[in-house]
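**Q** Quick one: structure below, then a few questions.
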Amino acid sequence: MESFGAYLKSLREEKGRTLEEISESTKIAVANLDFLERDRYDFLPPRVFVKGSIKSYVQELGINPEESVKKFDAFTREGEFPDYAEEEHPVFQHLPASRSFFHNPWFSLVLTGAGILSLCILVFTGVSRLFFAEEAVQVVQPKPLSGQPGSSVSLNTRMPADLRPVQSAFADPPRKQAGKKILEIKALANTWVRVEPDNAGAEELMMAPGDIQVFTANESFQVQTGNAGGMRLRYDGRELPVLGKTNQTLSVTLP
């Protein structure tokens, strides 16, 4: 019978098309189209791919692809190309089951067990850290001072008379009043203060940064604060050093 490649070539020439034009439309390499027309199937991919190329080729020429595929099957069955039989592409071949260690069912069980154990350790570690972190917070949680929630450890300290501040926080000169002790408090941060002159009635107030409060007494003052590092005191004309740390609760007796 007529060569199948010659049949394709005759169809193409009848339509006045070139291999390059068909290649550009079908995205099939020109060399493979040339092998088809010359019946060089030994240079082409397996049969299933050749059939796909034939369908694209003739569809581009406006020919029924099923008819052309039948001609191709008849041409190869008549013995012109006995070695070009139907075969399964290597990609789709069924490979024998591997006998390697990684495909062993016991290996899968061990791997699964190790994963579950690792997950349990991770969860236990996270819960333990959370538990001990909360416990640590509870250990250092300060006892609130009366009238001031959230304050830290309360100290009762009598300030020595010979201490001097490193740097003055007050811009104005000391206030004076005959026969009275003067206490000036300046807030450098938000500060809760409780002042009790002469062990009499106490006054509590919240001070904002820059606020200055002045108190008078005959003999002494009892001062409590929830932010020892956020305030400065000037007592009887002398500015006192920093009382403590930021957010530290402190109780001071003057003098």
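Only the coordinates and a few stated rules stand behind these numbers; no lab work does. Fair warning: this is a prediction, and the values are worked out from it, not measured in the lab. Counting neighbours? That spans all protein chains shown, and the Cβs are built from the backbone with ideal geometry, glycine included.
**Q** At GLU203 and THR112, where each label point lies 7 Å from the Cα along Cα→Cβ, what is the point-to-point distance in nanometres?
**A** About 7.7 nm, to one decimal.
**Q** Take MET231, MET206 and order them by how many other Cβ atoms sit within 10 Å, fewest up front. Before the final figure, lay out the partial values.
**A** Details: MET231 27, MET206 12.
By the 10 Å Cβ count, ascending: MET206, MET231.
**Q** Okay, moving on. Can you order the peptides 33-45, 233-245 by their average number of other Cβ atoms within 10 Å per residue, highest first? Please list the in-between numbers first.
**A** On the way: 33-45: 16.2, 233-245: 17.8.
Ranking, from highest mean packing down: 233-245, 33-45.
**Q** If you don't mind, there's one more thing I want to ask. Scan around GLY244 for amide H atoms under 5 Å from its own, H built in the peptide plane at 1.01 Å from N, and keep only partners 5 or more places away or cross-chain.
**A** For GLY244, whose amide H was placed from the backbone, the distant partners under 5 Å are GLY229.
**Q** Give me the distance in nm between label points sitting 7 Å out from Cα along the Cα-to-Cβ direction at GLU219 and SER3, one decimal.
**A** Here the modelled spin labels are 13.0 nm apart.
**Q** Which entries in the list LYS9/LYS70; LYS176/LYS245; LYS186/LYS245; LYS27/LYS51 go over 21 Å, if you measure between the two C-alpha atoms of each?
**A** Too far apart for the 21 Å limit: LYS176/LYS245.
**Q** Once fully extended, how much extra length lies between ARG77 and VAL30, figured as 0.36 nm per residue of separation less the alpha-carbon to alpha-carbon distance? Mind dumping the intermediate values first?
**A** Numbers: separation 47, 0.36 × 47 = 16.92 nm, distance 2.62 nm.
So the extension gain works out to 14.3 nm.
**Q** Just want the ordering: LYS176, LYS9, from fewest to most Cβ atoms lying within 10 Å of their own Cβ.
**A** Details: LYS176 9, LYS9 17.
Ranking LYS176, LYS9 by Cβ neighbours within 10 Å, fewest first, gives LYS176, LYS9.
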